[in-house]
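In what follows, a single structure is set out as structure tokens and then discussed.
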Amino acid sequence: MITSAIWATGLGIFRTFYQYLFLKDMFGTKYRYTYLWFYLGTWLYGHLNVWFAITGTPWGNMVYLYICAFALNTFLFHGSAIKKSFFTLWMYGIQEAAADIFIPLFLAAASLSRQTGCFDLLFSTIDLTSCLVSFLMMEILKRKLHLLKRDFEDRDGIYLMCIVGFVCAAVGMMSMTFDKLSNWDAEYIYTVVIPSGLIAMGGEALNVYCILMLERRLVERLAKQQYQILKQHMEISKEQYEQLIKIRHDMKNHNLCLAQLLKNEKAEEARYYLEQWNMSIEERETVIQTGSVFADAILNPKYRQAKELGIDISIQMSVPGEDRIAPVDLCCLLANALDNAIEACQRGITAGYPAGQIQMKSQIHPNYWVFEISNSAYLPVKQCEGRFRSSKQLPISGIGLQNIRAIVDRYEGVLDLKSGACFTLNAMFPLP
């Protein structure tokens, strides 16, 4: 009895510690000494169930543990509620499904070998094996989604929750059909018990397969986005290269013209000609230099577009490296924010107002990156249920703001929108 208690306590501590490491890697902690609070919370709601017999069935126990664990994880870790709900279900549901695999198989083996008197050792072995399977499944999930967790959206979590929930429910319902061990004869074991265990094992394999397919879909989605950014960057680079070729081609003629003007002692005309030539070169130069070729490729054409409209635009940007924010997300954020600002100024021009101004700036701090853009807003910005809506004649909310909000949520940042004489967008991104 004492040995069993020590074994159960040690296994429980190790299981809790591994679950904490798993959640910490996937979400990040909110407080100092988070493991202490995590362990105390887990110990408390587990012992409350034992002391007061809150649930008396396997299904009730699983639901109780899931609800308590989800509440504790919401309090201690970052991330959206849907993602936390999925990862909590993965931790507890997978282990319950693993237990439903090994309980019938191990008990069938014990029944066939006539070894039915060592239930304590048998159930300890089942508990340990189920924990090992649970650790393996958490490790698979962490390795497959850790690098892509920012692209792991809420809809992906809902999709996987449906799969995991269905598998756990189906496996649990099969295990409830078993009679007591004393009623198991050989025919019942071979026709019902062992196939049920193998089916449950197939359910766990289905969970792993869904994770692998999700990883593949996320990689394909990311590759497609990067291809679009690269394509746009190549088009801009091609345009700049063609402009450079034209300048080099015309340089000889420009030199001949200047030499002729100077030969004819027309210094004033030569100076004016040289100024115009320099202005034409400067218009084609890269004005915005952020340190990121992707950001520069997005910002410079839009900067020139705003200048051509007469908008007073100022861009002072410093952006994090590619290891902190993916280039596709950075470009999507900057492009949507600047497009919205330019469109707002264009609407003002159409309505007869001055061109207005746009100010875009950002600053990198040790642990976070702050991005801000503001633009003149002569016309009121529409709101519906607390959300800003597009001023275009479309029956949907502004797609640009939806994209920006999705990126901020993906990086677990903070988005603040203010509307008045100027429309201001502030976004803060925590940096790993």
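Computed from the coordinates by the stated procedures, all read-outs in this text should not be read as laboratory data. Quick caveat, the model's predicted, so the values are computed rather than measured. Ideal geometry is used to build each Cβ from the backbone, glycine not excepted, and the neighbour counts take in all protein chains shown.
Sites listed here are trypsin sites (Lys or Arg not before Pro) in region 322-373 whose DSSP assignment is loop and whose Cβ has at most 15 other Cβ atoms within 10 Å: R324. Convex hull volume of the Cα atoms of region 296-358, normalised per residue: 66 Å³.
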